[in-house]
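*Asks:* Mind looking over this structure? Questions follow.
The values are calculated or read from the model by the stated rules, or taken from the named source; none is laboratory data. Only a predicted model underlies this, so the values are computations on that prediction, with no experimental measurement involved. A quick note on method: Cβ atoms are made from the backbone with ideal geometry, for glycine too, and the neighbour counts reach across all protein chains shown.
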Amino acid sequence: MAKKAKIKSAKGKLGVLLPGMGSVATTFIAGVIAVRKGISQPIGSYTQMGRIRLGKRTDARSPKIKEFVPLTNLNDIVFGGWDVYKDNVYKAAVHAKVLDKSLLDQVKDELKLIKPMKAVFDKNYVKRLDGTHVKKAKTKMDLAKALMEDIKKFKKTNGCSRLVMVWCGSTEIYIEEAACHKNIKALEKGMRENDENIPPSMLYAYAAIKMGVPYANGAPNLSADVPALVQLAKKNGVPIGGKDFKTGQTLMKTILTPGFKARSLGINGWFSTNILGNRDGAVLDDPDNFKTKEVSKLGVIEQILKPKENPELYGNIYHKVRINYYPPRGDNKEGWDNIDITGWLGYPMQIKVDFLCRDSILAAPIVLDLALLLDLASRSNLSGIQEWLGFFFKSPQTKKGLPPQHDLFKQLMKINNTLRYLKGEELITHLGMDYYY
Ligand SMILES: NC(=O)c1ccc[n+]([C@@H]2O[C@H](COP(=O)([O-])OP(=O)(O)OC[C@H]3O[C@@H](n4cnc5c(N)ncnc54)[C@H](O)[C@@H]3O)[C@@H](O)[C@H]2O)c1
């Protein structure tokens, strides 16, 4: 048996801090409380519902993930966060219209008690929002310090032994890596000088990492995906992960594409369009904010298909992604895909996917899994970018120079093997060598 990692106990309360308490965050919080009360099941959650095979197939050992690794019990989670609107979580959840009022009313008392702290927000980065529940300070460094104060106070007031932070805020405008992101010193100088390349999400990430709080980014914003914050995470022994929750259309893409590739089917074109009507859709209706999302969505197919290695199959692929804001649909997005594929001797075929999904219903279990697994990572002394959590992201953060892995099945193998490794179980490669003997 392999060597077991030393994992600290999950005893005590875990505070889950959420910058952005909109549709995803409120659906996550209300859902966890409903599960705690035995009203609902945590469907879609890898840690709560998923199982992991251990040992040989004949051993018949497949415990649930939550029974295999020491995760925080759902009863020990405390919720907190920030938003530019001051509505409590009950009011925000009713406004989001994701969950039925009848369900929300069963958890109303708990939700009403959770009120967002004042946000660090700047309209220049999210043009379609106008919230007023916002902190004021002279410099970005002062704002980050105010966030650190919030974190400290939250931990003390709620008697938490550990914290994690998961960004559930809006998608910010597209920003490329700049000089102020190069190292910790440059970033801190930029924060003192209000460098425009430092958006609010980066200040939350800085504050979290500075305070030793693991950080995951559920949006495609740069946030912690810059050398300065990766260095800080390594230096402070903090695990981080990102970017952009893998839900809806991109989830389907990373399920289907590995299948076409595995059977050497060609692809000429993939046209994806979406209609959605929630606040996220309104924010993404601005071209600068959409650009951030577009970059995150476009990389997926190319990385899996590797057109340069397979020019006969994928050399001419045309990939287009569109998001259209359409208020009548609210959070109930519809994503259409038209895929032009080719088979034997180049004969063309078409596949149409029409996914009538619920965005936040798909994202909420990911918030839970990330919070629990980042906390596990921290208790296992893992730090820096946690590539094994790429399973949950559209645009997995990797070490500089390494291509991300998008194939959902390879990502699953990686996350399962990481957990086996932490527990000192044999890694499973699915290589049945008995054919040879
Ligand atoms: N729902 C999904 O399936 C999904 C999938 C992938 C990524 N995401 C991303 O997750 C994020 C949240 O999605 P949502 O549907 O909950 O959106 P939402 O608009 O309902 O919620 C976002 C909230 O963040 C708040 N906010 C914005 N900037 C902030 C700041 N600087 N500090 C604090 N709060 C801030 C907004 O006021 C809003 O309440 C978005 O960036 C979205 O692109 C969502």
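*Asks:* Looking at (1) surrounded by 15 or more Cβ atoms within 10 Å (Cβ to Cβ); (2) more than 15 Å from the ligand (Cβ to nearest atom); (3) in a helix (DSSP H, G or I), which one does ASN75 not meet, given that it meets all the others?
*Replies:* Of the numbered conditions (1) surrounded by 15 or more Cβ atoms within 10 Å (Cβ to Cβ); (2) more than 15 Å from the ligand (Cβ to nearest atom); (3) in a helix (DSSP H, G or I), the odd one out for ASN75 is (1).
*Asks:* In the list ILE255, ILE173, which residue meets the criterion of being outside any strand (DSSP E or B), within 16 Å of the ligand (Cβ to nearest atom), in contact with an Asp or Glu (Cβ under 7 Å, 6 or more places away or on another chain) and within 28 Å of THR273 (Cβ to Cβ)?
*Replies:* Details: ILE255 fails: in contact with an Asp or Glu (Cβ under 7 Å, 6 or more places away or on another chain).
Matching residue, one of ILE255, ILE173: ILE173.
*Asks:* Tally time: how many residues in segment 1-24 are within 15 Å of the ligand (Cβ to nearest atom) and over 18 Å from VAL213 (Cα atoms)?
*Replies:* Residues meeting the conditions: 4.
*Asks:* On the given criteria, is VAL69 more than 16 Å from the ligand (Cβ to nearest atom), more than 19 Å from TYR215 (Cα to Cα) and in the same structural domain as LEU382 (by TED's automatic domain parsing)? Show your work before the answer.
*Replies:* Details: more than 16 Å from the ligand (Cβ to nearest atom): yes; more than 19 Å from TYR215 (Cα to Cα): yes; in the same structural domain as LEU382 (by TED's automatic domain parsing): yes.
Judged against the criteria, VAL69 is a match.
*Asks:* Follow-up. Go through segment 344-367 and report how many residues are within 14 Å of the ligand (Cβ to nearest atom) and either more than 20 Å from the chain's Cα centre (by Cα) or not acidic (Asp, Glu) (or both). Explain how you work it out, then say what you get.
*Replies:* Going through segment 344-367, the residues within 14 Å of the ligand (Cβ to nearest atom) turn out to be 355-367.
From what's left, either more than 20 Å from the chain's Cα centre (by Cα) or not acidic (Asp, Glu) (or both): 355-358, 360-367.
Matching residues across segment 344-367 total 12.
*Asks:* For ASN124, are the conditions met, namely being among the polar types (S, T, N, Q) and either outside the structural domain of PHE79 (by TED's automatic domain parsing) or within 14 Å of the ligand (Cβ to nearest atom) (or both)? Before you say what the answer is, go through the steps one by one.
*Replies:* Numbers: among the polar types (S, T, N, Q): yes; either outside the structural domain of PHE79 (by TED's automatic domain parsing) or within 14 Å of the ligand (Cβ to nearest atom) (or both): yes.
For ASN124, the condition - among the polar types (S, T, N, Q) and either outside the structural domain of PHE79 (by TED's automatic domain parsing) or within 14 Å of the ligand (Cβ to nearest atom) (or both) - is met.
*Asks:* Going through segment 265-297 one residue at a time, which ones are buried (at least 18 other Cβ atoms within 10 Å of the Cβ) and away from the ligand (no atom under 13 Å from the Cβ)?
*Replies:* Answer for segment 265-297, where residues must be buried (at least 18 other Cβ atoms within 10 Å of the Cβ) and away from the ligand (no atom under 13 Å from the Cβ): GLY266, ILE267, TRP270, SER272, ILE275.
*Asks:* Let me ask you something else. Mind counting the residues in segment 403-414 that are touching a residue at least 40 places away in the same chain (Cβ under 8 Å), over 16 Å from PHE245 (Cα atoms) and in a helix (DSSP H, G or I)?
*Replies:* Selection size over segment 403-414: 2.
*Asks:* Okay, next question. Looking at LYS352, LYS333 in this structure, which one is out of contact with any Lys or Arg (no Cβ under 6 Å at 6 or more places or on another chain) and modelled with pLDDT under 90?
*Replies:* Numbers: LYS352 fails: modelled with pLDDT under 90.
The match here is LYS333.
*Asks:* Which of the residues belonging to segment 181-228 are touching a Cys at 6+ places or on another chain (Cβ under 9 Å) and either within 14 Å of the ligand (Cβ to nearest atom) or hydroxyl-bearing (Ser, Thr, Tyr) (or both)?
*Replies:* Answer for segment 181-228, where residues must be touching a Cys at 6+ places or on another chain (Cβ under 9 Å) and either within 14 Å of the ligand (Cβ to nearest atom) or hydroxyl-bearing (Ser, Thr, Tyr) (or both): ILE198, GLY218, ALA219.
*Asks:* Also: Here is a list: LYS112, LYS123, LYS156. Which entry is under 30 Å from LEU276 (Cα atoms), without any contact (Cβ under 8 Å) to a residue 24 or more places away in the chain and not hydrophobic (A, V, I, L, M, F, W, C)?
*Replies:* Values: LYS112 fails: without any contact (Cβ under 8 Å) to a residue 24 or more places away in the chain; LYS156 fails: under 30 Å from LEU276 (Cα atoms).
That would be LYS123, the only listed residue that is under 30 Å from LEU276 (Cα atoms), without any contact (Cβ under 8 Å) to a residue 24 or more places away in the chain and not hydrophobic (A, V, I, L, M, F, W, C).
*Asks:* Does GLN41 meet the test of being crowded, with 18+ Cβ neighbours inside 10 Å and of a type outside the set (Lys, Arg)?
*Replies:* So GLN41 does not fit the description; no.
*Asks:* Let me ask you something else. Looking at (1) among the polar types (S, T, N, Q); (2) crowded, with 20+ Cβ neighbours inside 10 Å; (3) outside any helix (DSSP H, G or I), which is the one condition that is false for THR26?
*Replies:* It fails just one condition, (3).
*Asks:* Okay, moving on. Tell me which residues, restricted to segment 298-331, are touching a residue at least 60 places away in the same chain (Cβ under 8 Å) and either among the hydroxyl-bearing types (Ser, Thr, Tyr) or at positive phi (or both).
*Replies:* Scanning segment 298-331 gives a single hit, GLY330.
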